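Asks: Below is a structure I'd like to ask you about.
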């Protein structure tokens, strides 16, 4: 098992990431290490599909260590990351008499993690949170860093908090059950992080993708666990340096750089009512649009843009973005939660591994529409230029 410790200025509890094969069956013991010997009730928040796969293992692991666990299952899908679902989770905690000494365990992908995290952060002004991510995207990104959130009809993650998990348990065995689209979504997030990290992580990620990983054993070996660790380590280093994503920071170590590809991605999700794209798939398209903008602003060479395109293509096929009204995408971008002083700030690339926060005033609507047209072109219709 690989372990990473996270140290944050505002955090009083120890925070640790554990990565291993089958480590979910050791969840109870890991929680006892984190929380001590006092009895504790646990709210296990998941969805029906994930709970059928792993719920029994989790409940047994918690029971062995004396935890009293009660599950609550939310509907599956990004559109259910809503105020109504949040209300249901809060009512469950209240009806079951959960107290401030109890904990919430999130078992699932990013939607479950975001919803459960927000629930834990506001019930009784904050319960301890444990993340058990079961998708690749959640394992390397959303479970690390403490962001929680739900969507509003006008945009994604417009309601949320920062609430750091006390413990993250990453079991690579869970990846063998993922639908292919979830695998593609996770790969896109890996590419995103590697593009804003450094050439070493980018090359390591691309090399892994070029090996065409698709089988169960591709995700359950020491080399892949090492890659997950490197991605988590990068994400944790950014969070430790800028936990609350300061709007005043524009440097390359700002937490805002993690939004590379997300401005267009959030807009695509919003205008399609969160039904067409998985989040990582939308990020895949968003990176291509950001790459086009970077090239048009003279930040990225043609060769580097080809590298971005190649890396995204290696992730697998993305749902088509043709037929989506570009003007509606532009309008949705204007409502992005990253807006500061009435202005959208874009995360672009000043070369591979060199993110740059760019004032939205430098990007005209005409340029944005041009980048959308080029970046959202279907893979089979794409030509290098």
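The values are calculated or read from the model by the stated rules, or taken from the named source; none is laboratory data. Since the model is a prediction, treat every value here as computed from it, not as a measurement. Positions of Cβ are generated from backbone atoms using ideal geometry, with glycine treated the same way; all protein chains shown enter the neighbour counts.
Asks: Kindly indicate whether residue 320 is in a loop (DSSP other than H, G, I, E, B) and modelled with pLDDT of 95 or more. Step through it out loud before you land on a result.
Replies: Working: in a loop (DSSP other than H, G, I, E, B): yes; modelled with pLDDT of 95 or more: yes.
Spelling it out, residue 320 is indeed in a loop (DSSP other than H, G, I, E, B) and modelled with pLDDT of 95 or more.
Asks: Of all residues being part of a helix (DSSP H, G or I) and touching a strand residue (DSSP E or B) at 6+ places or on another chain (Cβ under 8 Å) in the range 268-310, which is farthest from residue 353 (Cα to Cα)? Just the residue, please.
Replies: First, pick out the residues of the range 268-310 that are part of a helix (DSSP H, G or I): 268-271, 279-296, 302-310.
Adding the requirement that they be touching a strand residue (DSSP E or B) at 6+ places or on another chain (Cβ under 8 Å) leaves 269-270, 290-291, 293-294, 304, 308.
Numbers: 269: 26, 270: 28, 290: 14, 291: 13, 293: 16, 294: 13, 304: 11, 308: 11 Å.
Across the range 268-310, the extreme among qualifying residues is 270.
Asks: When only residues in the range 167-179 that are surrounded by fewer than 20 Cβ atoms within 10 Å (Cβ to Cβ) and in contact (Cβ under 8 Å) with a residue 24 or more places away in the chain count, which is farthest from residue 272 (Cα to Cα)? If you could, list the steps in order and put the result at the bottom.
Replies: Of all residues in the range 167-179, those surrounded by fewer than 20 Cβ atoms within 10 Å (Cβ to Cβ) come to 173, 176-179.
Next cut, in contact (Cβ under 8 Å) with a residue 24 or more places away in the chain only: 173, 176-178.
Details: 173: 32, 176: 29, 177: 27, 178: 23 Å.
Across the range 167-179, the extreme among qualifying residues is 173.
Okay, residues lined up against (1) modelled with pLDDT of 95 or more; (2) in contact with a helix residue (DSSP H, G or I) (Cβ under 8 Å, 6 or more places away or on another chain):
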site	(1), (2)
342	no, no
345	no, yes
351	yes, yes
355	yes, yes
365	no, yes
371	yes, yes
376	yes, yes
381	no, no
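Asks: In this structure, is residue 45 under 28 Å from residue 279 (Cα atoms), assigned by TED's automatic domain parsing to the domain that holds residue 120, at pLDDT 95 or above and not in a helix (DSSP H, G or I)?
Replies: Yes.
Asks: I would also like to ask the following. Condition test on residue 118, is it buried (at least 23 other Cβ atoms within 10 Å of the Cβ), over 16 Å from the mean Cα position of the chain (by Cα) and within 29 Å of residue 238 (Cα to Cα)?
Replies: Working: buried (at least 23 other Cβ atoms within 10 Å of the Cβ): yes; over 16 Å from the mean Cα position of the chain (by Cα): no; within 29 Å of residue 238 (Cα to Cα): yes.
Considered against the rule, which asks whether it is buried (at least 23 other Cβ atoms within 10 Å of the Cβ), over 16 Å from the mean Cα position of the chain (by Cα) and within 29 Å of residue 238 (Cα to Cα), residue 118 comes out as no.
Asks: Oh, and also: Return yes when residue 76 is more than 26 Å from the chain's Cα centre (by Cα), part of a loop (DSSP other than H, G, I, E, B) and either more than 15 Å from residue 44 (Cβ to Cβ) or touching a residue at least 40 places away in the same chain (Cβ under 8 Å) (or both) and no when it is not.
Replies: Working: more than 26 Å from the chain's Cα centre (by Cα): no; part of a loop (DSSP other than H, G, I, E, B): yes; either more than 15 Å from residue 44 (Cβ to Cβ) or touching a residue at least 40 places away in the same chain (Cβ under 8 Å) (or both): yes.
So residue 76 fails the test.
Asks: Moving on. Identify, from the list 249, 275, 256, the residue that is surrounded by fewer than 19 Cβ atoms within 10 Å (Cβ to Cβ) and under 18 Å from the mean Cα position of the chain (by Cα).
Replies: Working: 249 fails: under 18 Å from the mean Cα position of the chain (by Cα); 256 fails: surrounded by fewer than 19 Cβ atoms within 10 Å (Cβ to Cβ).
So the residue among 249, 275, 256 that is surrounded by fewer than 19 Cβ atoms within 10 Å (Cβ to Cβ) and under 18 Å from the mean Cα position of the chain (by Cα) is 275.
Here is a yes/no grid of residues against (1) touching a helix residue (DSSP H, G or I) at 6+ places or on another chain (Cβ under 8 Å); (2) buried (at least 20 other Cβ atoms within 10 Å of the Cβ); (3) without any contact (Cβ under 8 Å) to a residue 12 or more places away in the chain:
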site	(1), (2), (3)
142	yes, yes, no
156	yes, yes, no
159	yes, no, no
181	yes, no, no
189	yes, yes, no
195	yes, yes, no
199	no, no, no
210	yes, no, no
218	yes, no, yes
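Asks: Residues 110, 117: which one is in contact (Cβ under 8 Å) with a residue 24 or more places away in the chain and in contact with a helix residue (DSSP H, G or I) (Cβ under 8 Å, 6 or more places away or on another chain)?
Replies: Working: 117 fails: in contact with a helix residue (DSSP H, G or I) (Cβ under 8 Å, 6 or more places away or on another chain).
Every option except 110 fails the conditions.
Asks: Considering only residues that are surrounded by 14 or more Cβ atoms within 10 Å (Cβ to Cβ) and part of a helix (DSSP H, G or I), which ones fall in the range 352-378? If you could, list the steps in order and put the result at the bottom.
Replies: Residues of the range 352-378 surrounded by 14 or more Cβ atoms within 10 Å (Cβ to Cβ): 352-358, 360, 363, 367-372, 374-377.
Within the range 352-378, 360, 367, 368, 369, 370, 371, 372, 374, 375 meet the criteria.
Asks: Continuing with this model, one more query. Being modelled with pLDDT under 95, part of a helix (DSSP H, G or I) and at negative phi, is that true of even one residue in the range 15-31?
Replies: No, the range 15-31 contains no residue that is modelled with pLDDT under 95, part of a helix (DSSP H, G or I) and at negative phi.
Asks: From 53, 27, 44, 90, grab the single residue that is farther than 28 Å from residue 241 by Cα, in contact (Cβ under 8 Å) with a residue 40 or more places away in the chain and either surrounded by fewer than 18 Cβ atoms within 10 Å (Cβ to Cβ) or out of contact with any strand residue (DSSP E or B) (no Cβ under 8 Å at 6 or more places or on another chain) (or both). Let's see the steps before the verdict.
Replies: Working: 27 fails: either surrounded by fewer than 18 Cβ atoms within 10 Å (Cβ to Cβ) or out of contact with any strand residue (DSSP E or B) (no Cβ under 8 Å at 6 or more places or on another chain) (or both); 44 fails: either surrounded by fewer than 18 Cβ atoms within 10 Å (Cβ to Cβ) or out of contact with any strand residue (DSSP E or B) (no Cβ under 8 Å at 6 or more places or on another chain) (or both); 90 fails: in contact (Cβ under 8 Å) with a residue 40 or more places away in the chain.
One residue alone meets the criteria, 53.
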